[in-house]
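A short worksheet on the structure shown next.
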């Protein structure tokens with residue numbers, strides 16, 4: 001009887017140990033993350049919607065720098081700051097590789113591919129006509145996010161998409177008119193900031 005009890009106890013202990021080890025080596029999953037960014041200043045929120053999947057939204061101020069030359073006007077340059085929004089579906093794909101290498105995966109510190117939609121609210125100053133415009137962009141991107149233990153955050157992505165908007169042109173009779181256009185464009189954003197979640 002004692003042998004049976006001993007064998008049962010020993011088997012249970014081995015099984016429990018194996019189960020605990022399996023839980024300790026489980027691949028990390030994504031979490032909700034809130035950040036305040038100071039480069040492209042704004043606020044972002046990322047919501048987990050499935051294993052390795054999130055929805056990422058950000059409201060920010062985008063900076064546009066234009067430098068050009070005209071034979072009539074000489075050097076022309078401008079710096080514009082205008083509000084913008086982005087919504088992204090992100091799939092994080094390298095959690096298991098980073099875990100095996102002992103690298104940080106907390107707070108979605110991973111690489112991702114994403115489907116991106118963006119909206120920029122700017123002023124069209126062509127032909128000296130100040131007209132409010134909205135540019136919408138749809139595309140796909142690759143990127144990486146790193147949220148470090150001391151709260152510093154880095155998020156970078158680059159990709160390709162289509163931009164849709166309107167622009168002001170001069171018609172043959174000399175009148176200003178607005179026309180719609182769509183064009184292939186590159187996507188790219190780098191954000192520095194701080195994550196605001198409670199430290200675990």
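Taken together, the values in this text are just the output of simple stated rules run on the coordinates, not laboratory data. Quick caveat: nothing in here was measured; it's all calculated off a predicted structure. Every residue, glycine among them, receives a Cβ derived from its backbone with ideal geometry; neighbour counts consider all protein chains shown.
Label separation (residue 196 vs residue 169): 4.4 nm, computed from points 7 Å beyond Cα along the C-beta direction. Extension gain, residue 178-residue 49: 0.36 nm per intervening residue step, less the Cα-Cα distance, totals 42.4 nm. Across region 28-195 the C-alpha pair distances fall into 10 Å bins from zero in the proportions 9, 32, 29, 16, 9, 3, 0 percent.
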